[in-house]
Structures are given as C-alpha cells and as structure tokens.
Amino acid sequence: MSERHPPPRVDVFADAALANIRSRQRERNLRTIDGPASSSQQVNRHAALQFCGSNYLDLAHHPEVVAAAARGAQDWGCASGGSRLINGNLRCHEQLEAELADYLGTEAALVFGPGYMANVGIIPALVDTEDLIVSDALSHASLIDGCQLSRASVQVFPHNDVAALQSLLQRERGRYRRALLAVDGLYSMDGDIAPLGEFVDIAERYDVMLLVDDTHATGTVGDDGRGSAVHRGVAPQRVDIQLGSLAKALGSYGSFVAGSRTMCELLINTCRSFIFSCALPPPQVEAARAALKIMRREPWRRDQLQHNGDHLRQALHAHGIGTGQSSTHILPVIVGGNEATMQLCESLLQQGYFTQGIRYPSVPDGTARLRLTVMSSHTEQDLDSLAGAIAETMQKE
Ligand SMILES: Cc1ncc(COP(=O)(O)O)c(C=O)c1O
C-alpha cells in the first residue's frame, strides 16, 4: 500500500503566492523557443518574427562566433574549472579584458558572469553603511538589488531629472563619506539615453563616483559602438565604472566592468560576486572575442540597427502609436493595464509576431507595455508589417 504524503511545505506557500500573483494579472509563463535568437524564430512550435530579444547585431549565431565558441570548447573545455582567484583565470579571460579596454579606451576591464551578478557585487564593493547612493527612478533591478545589498542610504531621483539630482546632492552629500551615482546608460524598458554629460559634471562637482550600466548600449550606440557616454560626447575616462554586456549585442554571455586599473584591482579583492563565483566558461569568452572583432569591422550592423529603430518608430507614429522618449533600437508601446498588454501580446503572437508584454515589477505599476526591440537583420517590410499589426490589433481590442 502506497503511503500518502502531505503536499510539500513549499507548495502551501507557493499556491497562495501564485494565486495572489494571478489575481493581479502578473503571472509569468515561459515560452518554448526552437532555433537561434534571430529575427524569425519558432515560438511554441509556430514560426514568428521576433521583436523582443537582445541579440541586436545578429551575432549570436554568426559562423565566426560559433566557430570561436567551438574552438574555445576544444582548446579549453566547457568550463573554466573554478573562480578567477582559484584556478579559473584563463589566458583567454585576460585577452578579452585587454581587448575590451582597448576598445573602450579605458585603462582596464574585468570580465564577470552575468550583468545581474556584476551589479549586485560591484555596488557593495564601493559603498557601505556610511555612504550615499543616488539612483535614477528607472534604474535596472540589478542596480536596485546591488544598492540594497550595500546597506548604504539610497535616494532615488526622478528619471533623467538633472535638476532634481543636483538639488538632492546639494542637500544630502555633506552628510555622507562616499557617494555613488548609479544609472543606466540606455534604459532597457524605455529606449532612451541618460543625460550623461550633465551627470558627469554633477558627479565631479559633488565628489560622487559614477556607475553607468551600459548593458544595452555596448556595441549599439556611440562612435564605434562604445556606448552611451561616447554617444553623449563624454570621454569614457570620466565615467568611474562602466558596466558592459557580452550577452546582448555581442551575442555571447556575461558582462564586464571597464574603468581604471585601481578600480578593477579593488573589485578583484572585494567584489563578492567576482570572488565567490566560477569564471566565465571559455566558449563564451572566445565567442565574445570573435563578436567584438566583427562588431568593430562591420559598422553597418550598428547603422542598420539605428535605421531599423528609426523606421519602426516612424511607422508606429504614422499609425498614431507613441513610443515615449525612445531614440534607439528599444521602443516601448505603453498600454497601461496588465491584462490588455498581455492580450495584445498574445494576439500578435497568433498573427506571427513575437513581442513581449512587460509588467510590474520590471516597469512601474500602470505602465505595462510591449517592449519592442529591433535587430540589424530585420527588413523594412518586417517592421512595417509589425506596426500595421499592432495598430490593427489595438483598434480591435
Ligand atoms: C540594464 C540592465 N542591466 C543589467 C542586466 C543584467 O544583465 P545579464 O542579463 O547579463 O544578467 C540587464 C538584463 O537584461 C539589463 O537590462
């Protein structure tokens, strides 16, 4: 006779928590994708044009990138075998770091695991209970979580509001030992670029370290794709800590910090997510190195990405659909309600357009949206047909 067990204790909690999530139309579900992250994909076994990924320059499946990853696996194996400080600091990590520093024009760079891990480690390595963090209201979740882990005092200023930031620092700066300004360079849910020229001036005036999370700007904006500071005409050396991504435009996985050699040395010594975590696997390191070369050799990819962002923006505007402050390859179509957003998203998928509805806590409550992203490989026809489908579907619903 089989014994009857009570449900696992975690399920008692999980059932109640999930019921609460569902009652607010905030349930999240995974969709199954077949094939590489290109502009058309199989989603739940149906072909669709894809407008929600981060493989912006279409490098994740580029033959040279794939060959480099395979060579990395062949030469080095599939794992680094340990953390950087134990036995996982491979020559290819150092080669990639030298190439990234050369690319960005900084003294040094340090490769990390995912960007989320980098942010939750870097911030506590820079500030502590006696310090102040000022952060943009729309800063990415990983910056917010890093701020909390640091135990510093956190003050939030309205999105991109230079005057509010200045008066906040004027009022508060004197009460703290060190201060850190933490912002995104290119906002992942809004597609706008921070006013980094003004932020750098303010940071210098008030003796504040500046951390710019440039995850979505690496390889996509600024001269040679060097990111949002360069896009704003700011020399990269004036940004204390720049976080870049290997996982978006560079088509691999992981992230890196660029800045001074001393800052990188500090992180090697005190950043817990660097110290207590395995190093990036060699296939991903070699893939990133190959993608960096292609990205620099083929600026047409970036030009095409910007062109496609502009084209989709104009097409949506022609249908009377706003895209907020977006000026890049990321375009929000703000719907407002959770249910309406997810219905729009589902209906578009049924028509062969893979978009994603984004809700709280990824964006502020009441601003649920389709977060559209373009790739360099979309055609104008792809973009026009998406804009038409969104307009028609919104009108119907
Ligand atoms: C602005 C920003 N920072 C950090 C991250 C985390 O990066 P990763 O996906 O490498 O963990 C993301 C994720 O997309 C992001 O949008």
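Could you give the length gained by full extension between Leu18 and His317, i.e. 0.36 nm per residue of separation minus their alpha carbon distance, to one decimal place?
Length gained, Leu18 through His317: 103.9 nm.
Between Asn87 and Asn29, what is the FRET efficiency for a Förster distance of 45 Å, r being their Cβ-Cβ separation, to the nearest 0.05?
That pair, Asn87 with Asn29, gives E of 0.65.
Under a plain spin-label model, where a point goes 7 Å from the Cα along Cα-to-Cβ, how far apart in nm are Gln306 and Arg173?
3.3
Can you tell me the dipole magnitude for segment 63-297 around its Cα centre, using point charges on the Cβ only (Lys, Arg +1; Asp, Glu -1), in Debye to the nearest 20?
380
Quick one: in the chain, what % of C-alpha pairs are over 41 Å apart?
That fraction is 16 percent.
Principal axis extents for segment 197-265, Cα atoms only, whole Å, descending order, please.
Rounded to whole Å, the extents work out to 37, 28, 14 Å.
Considering the options Pro299, Gly322, Leu312, tell which one lies farthest towards the positive end of the dipole of segment 294-342, charges being +1 on Lys and Arg and -1 on Asp and Glu at the Cβ, about the Cα centre.
Result: Pro299.
For the chain, modelled as a Gaussian network with Cα springs under 10 Å, which listed residue fluctuates most, Ile330, Ile33, Ile202?
Of Ile330, Ile33, Ile202, the Gaussian network model singles out Ile33 as fluctuating most.
Given an 8 Å cut-off on Cα distances and at least 6 residues of separation, report the relative contact order of the chain as a percent.
21
Restricting the count to DSSP beta bridges whose residues both fall in the chain, what percent are antiparallel, rounded to a multiple of 5?
Within the chain, antiparallel bridges account for around 60 percent of the total.
Working out 0.36 nm times the residue gap between Lys293 and Val156, then minus their Cα-Cα distance, what length gain in nm do you get to one decimal?
Residue separation times 0.36 nm, minus the Cα-Cα distance, leaves 45.5 nm.
Using a 7 Å offset from the Cα along the Cα-to-Cβ direction at both Arg238 and Leu149, what is the distance between the two label points in nm, to one decimal?
Reported label-point gap for Arg238 and Leu149 is 3.0 nm.
Mind giving me the nanometre distance, one decimal, between the label points for Thr129 and Ala37, set 7 Å out from Cα along Cα→Cβ?
Roughly 4.0 nm, to one decimal.
Once the Cβ-Cβ distance between Gln395 and Glu339 is put in as r, and R0 is 22 Å, what FRET efficiency do you end up with, to the nearest 0.05?
That pair, Gln395 with Glu339, gives E of 0.80.
Under Stokes-Einstein, with the Kirkwood radius over Cα pairs standing in for Rh, what whole-number D in µm²/s applies to segment 63-297 at 10 °C and 1.306 mPa s?
Stokes-Einstein gives a translational diffusion coefficient of 90 µm²/s.
Just Gln304, Gln284, Gln170 to compare: in a GNM of the chain, with alpha carbon springs under 10 Å, which one fluctuates most?
Ranking Gln304, Gln284, Gln170 by mean-square fluctuation puts Gln170 first.
May I ask you to derive the relative contact order of segment 63-297, considering only C-alpha pairs under 8 Å and at least 6 residues apart, and to give it as an integer percent?
30
Read-outs throughout are calculated quantities, based only on the coordinates presented, and are distinct from any laboratory measurement. Just so it is clear, the structure is predicted and the values come from calculations on it, not from any experiment. Reconstructed Cβ throughout: ideal geometry from the backbone, glycine too, with neighbour counts over all protein chains shown.
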